[in-house]
Amino acid sequence: MTIILAVDQSTSATKAMLFTGDASLLDHASVSHRQIFPRAGWVEHDADEIYQNMILALRNLRDKDPDTFKKAAWLSITNQRETIVIFDRKSGEPLYNAIVWQDRRGEAFCAQIRNSEHAETLRRKTGLFADTYFPAGKLTWVTKNCPEITGKIKNGSALIGTIDTYLIYRLTKGKVYATDHTNASRTLFYDIGLRDWDRDLLEMFGLP
């Protein structure tokens, strides 16, 4: 029997699950994480807490049924897709709290894009519009307000990723820095026609 190990890293908790090959749920474990509100309209998560909670959820699931757990053929990860993490290239540890999809701190810059000649280019390439719901505006805010982190992004010592990228990077001890098309398409940096990152879109938001 095929066994699939899955992680659902959501806005409020991290769940680990065991499924059969026909998608029947065998067992699950869940660990909640804190919601951080530094000021009105800002929403953050401690990305290291999320990683540690994922490990805890996996261990709890393993401890309930170790024989089935060790038969898992692969690990599948789904995540809160528009939440963004900036993390250290060497250690994989976060350099700033994860900025959650609900966070509105990038709205002023996104409004500038919506009211400029860039709006149609963005819509044509991404199928989306400039809103701080997506990571791009939040990252622009970081580059304008956190000079130390911005310097690390520019010199390559910091990496940027959606939650799946961050978790995969830490699980593989920095060997795999990756996402999939569905997560990439939610960043505002990804041309869905070419199915690739787009330099013009990065420059639009002032990112290297």
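Distance from the alpha carbon centroid of region 31-49 to that of region 79-111 works out to 11 angstrom. Semi-axes of the equivalent ellipsoid of the chain are 32, 18, 16 Å, computed as sqrt(5λ) over the eigenvalues of the C-alpha gyration tensor in descending order.
Close Lys pairs in the chain (alpha-carbon distance under 26 Å; sequence gap of 8 or more, or different chains): 26.
Normalised by the number of residues in region 77-208, the average gap of Cα pairs under 8 Å and 6 or more apart makes the relative contact order 31 percent. Computed with every protein chain present, the accessible area of F189 is close to 20 Å² [probe 1.4 Å]. Charge tally for T162 (other residues, Cβ to Cβ under 9 Å; Lys, Arg +1; Asp, Glu -1): 0.
Annotation for region 113-191: GluC sites (Glu not before Pro) lying in DSSP loop with at most 13 further Cβ atoms inside 10 Å of their Cβ are E117. For the pair L194 and D22 in one chain, pulling the backbone fully straight at 0.36 nm per residue adds 58.6 nm over the alpha carbon distance. In this view, the solvent-accessible surface of D164, computed with a 1.4 Å probe and all protein chains in place, comes to about 10 Å².
Accessible area of the chain with a 1.4 Å probe: how many percent of it is carbon plus sulfur?
Details: 5380 of 10500 Å².
Carbon-and-sulfur percentage of accessible area, whole number: 51.
Between A73 and S116, the C-beta separation translates, for a Förster distance of 41 Å, into a calculated FRET efficiency of about 0.25.
So how do D180, D67 rank on accessible area, 1.4 Å probe, biggest first, that is with the largest at the start?
Numbers: D180 70, D67 90 Å².
Order by accessible area, largest first: D67, D180.
Only beta bridges with both residues in the chain are counted; by DSSP, about 80 percent of them are antiparallel.
Rounded, prolate or oblate, given the Cα gyration tensor of region 124-183, with a/c below 1.5 counting as rounded? Oblate shape, in that a/c is at least 1.5 and b/c is the bigger or equal ratio.
Adding -39500 (n - 2.57) for every DSSP H run of four residues or longer, then dividing by how many residues the chain holds, sets the calculated 222 nm ellipticity at -10500 deg cm²/dmol.
The values are calculated or read from the model by the stated rules, or taken from the named source; none is laboratory data. Here the structure is a predicted model, which means the values were calculated and not measured. Positions of Cβ are generated from backbone atoms using ideal geometry, with glycine treated the same way; all protein chains shown enter the neighbour counts. The area values use the complete protein model at the heavy-atom level, side chains included, leaving out ligands, DNA and RNA. Shrake-Rupley method; radii C 1.70, N 1.55, O 1.52, S 1.80 Å.
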